[in-house]
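Here's the structure, in structure tokens; my notes come after.
The values are calculated or read from the model by the stated rules, or taken from the named source; none is laboratory data. Given the structure is predicted, the values throughout are model-derived calculations rather than measurements. Cβ placement follows ideal geometry from the backbone for every residue including glycine, while neighbour counts extend to all protein chains displayed. Side chains are part of the model used for accessible areas, which takes the heavy atoms of the whole protein and leaves out ligands, DNA and RNA. Shrake-Rupley method; radii C 1.70, N 1.55, O 1.52, S 1.80 Å.
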Amino acid sequence: MINIDDVHRIELEITSDCNAACPGCARTLNKDILEVNHFTLQDLIRMFPDERHIKDKAFTLCGVLGDPMIHPEVIEMTDYLLRRGGRVTISTNAGVGTEELYYELGKLSGRYEYNFVLQACIDGHAETNHIYRVHTK
């Protein structure tokens, strides 16, 4: 059995919702089969109930099937992990979200400086982006 104290990096897919329709994505290829879901802040708290489960661990809120920036509680989830000593990276296609959302993330970045990274995964260039990242800007 794995002990949480021995785990140092945790990848969380907090939602399967995404603004993109990338041709190679399982969500695009199986849109009639896969259901859009996400877990809540309360689910996160239940999984990681105290500082011992979070402190000094690296969390990546990733987008395998979904984009974490779509999640309605992404700010609260990020703040929860950072306040308890975790390090957070959000990996996004950067094609979704409001100015206010990014402003709030910027404030978290200022408060937790080296423990928070927003990773914008932008693929291709003007001539090919629309082929590989459908519906993104």
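Any idea of the accessible area per residue across the chain, 1.4 Å probe, to the nearest Å²? If you can, show how the numbers build up before the last one.
On the way: 8360 Å² over 137 residues.
Solvent-accessible surface per residue comes out at 61 Å².
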Reach of Lys31 by Cα under 20 Å, taken over aspartates and glutamates that are not fewer than 8 positions away in the same chain
Glu13, Asp17, Asp67
Net charge of neighbours whose Cβ lies under 15 Å from the Cβ of Asp50, counting Lys and Arg as +1 and Asp and Glu as -1
+3
Region 4-137 - percent of accessible surface contributed by carbon and sulfur, probe 1.4 Å
53
Would you tally the net charge around Asn19, using a Cβ to Cβ cut-off of less than 10 Å, leaving Asn19 out, and scoring K and R as +1, D and E as -1?
0
Counting only residues 5 or more places away or on other chains, whose amide H sits under 5 Å from the amide H of Val117 once H atoms are built in the peptide plane?
Val88, Thr89, Ile90
Considering only the other residues whose Cβ falls under 12 Å of the Cβ of Gly97, what net charge follows from Lys and Arg at +1 and Asp and Glu at -1?
-3
Can you pull out the cysteines in the chain that have no other Cys Cβ under 4.7 Å?
Cys18, Cys62, Cys121
